[in-house]
Amino acid sequence: MPAPTPRSDPPRIPKADVTAKTHPFRQAQFLVSANRLAQLPADSGAEVAFAGRSNAGKSSALNAICDQQGLARTSKTPGRTQLLNVFPVGDPARRLVDLPGYGYAKVPEAMRLHWRGVIDEYLRTRASLKGLVLVMDSRHPLKEFDRHMLEFGAASGRACHCLLTKADKLSRSEGLRTLAAVRKELAAFAPDATAQLFSSLARTGLDEARARVAHWLGIGAAPADGGSGARTA
């Protein structure tokens, strides 16, 4: 009987390597849904929030970054994310927060106002919030809600990064023109905000997005600004 072939251990991947198959975002798991801030975990550690208009691909972007298809609930019906959904990333002190979608959802005005109030209060008062990922459809960027979020972030000193999603719907030249136009507008009213192209379907821009979020959570080096968003995982 031949001797078994020795099995070598897999190479150790540094904790900050967010492009690897064992990147830390795979450890993300659902913790709680909150209708009010009082239902959130204790306001300590580090959080990164995902915000965006309904149907912009916010939950899909979060799932792609975490490499978990069913982590955040997605739906073809706009506005299905109606609570603040919290996902610790390996450590309860490091969390992703999926904020309610805003915009196209066919909901009563009272509920729409409630969502807006909760989001504003969260962004204004949450001490553990280290960064905001603002998800925009690359074909329709910088709508009124997007500008509100960016202006609020600039006024409050919150770091903001824009994901221009569904980039697979644009040609490469169209995508680059859109990215350049968005960055030019950001320079005028939210100069510290950054932007990139992103596609959950084509897995475009995953490395860049993961690096940004990991840095805010304290598990990665600061990403280089100015990327095209064309890198893939």
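Would you mind finding the one in LEU179, LEU197, LEU170 that is at pLDDT 95 or above, touching a helix residue (DSSP H, G or I) at 6+ places or on another chain (Cβ under 9 Å) and surrounded by fewer than 23 Cβ atoms within 10 Å (Cβ to Cβ)? Break it down stepwise before answering.
Working: LEU179 fails: surrounded by fewer than 23 Cβ atoms within 10 Å (Cβ to Cβ); LEU197 fails: surrounded by fewer than 23 Cβ atoms within 10 Å (Cβ to Cβ).
Going through LEU179, LEU197, LEU170 in turn, the sole match is LEU170.
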>> Here are the criteria: (1) β-branched (Val, Ile, Thr); (2) modelled with pLDDT of 95 or more; (3) more than 15 Å from ALA61 (Cα to Cα). Tell me which single one VAL133 does not satisfy.
In response: (3)
> Do any residues in the range 59-86 that are within 18 Å of HIS23 (Cβ to Cβ) and aliphatic (A, V, I, L, M) have Cβ atoms under 6 Å from those of residues that are modelled with pLDDT of 75 or more and in a loop (DSSP other than H, G, I, E, B), where the two are at least six apart or on different chains, and which pairs are they?
Replying inline: ALA61/SER200; LEU62/ALA72; ALA64/SER200
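Looking at ASP192, is it of a type outside the set (Phe, Trp, Tyr), farther than 24 Å from ASN55 by Cβ and in a loop (DSSP other than H, G, I, E, B)?
Details: of a type outside the set (Phe, Trp, Tyr): yes; farther than 24 Å from ASN55 by Cβ: yes; in a loop (DSSP other than H, G, I, E, B): yes.
When the stated conditions are applied, ASP192 passes them.
The values are calculated or read from the model by the stated rules, or taken from the named source; none is laboratory data. Only a predicted model underlies this, so the values are computations on that prediction, with no experimental measurement involved. Quick reminder, even Gly has a Cβ in these numbers, built from the backbone with ideal geometry, and neighbours come from all protein chains shown.
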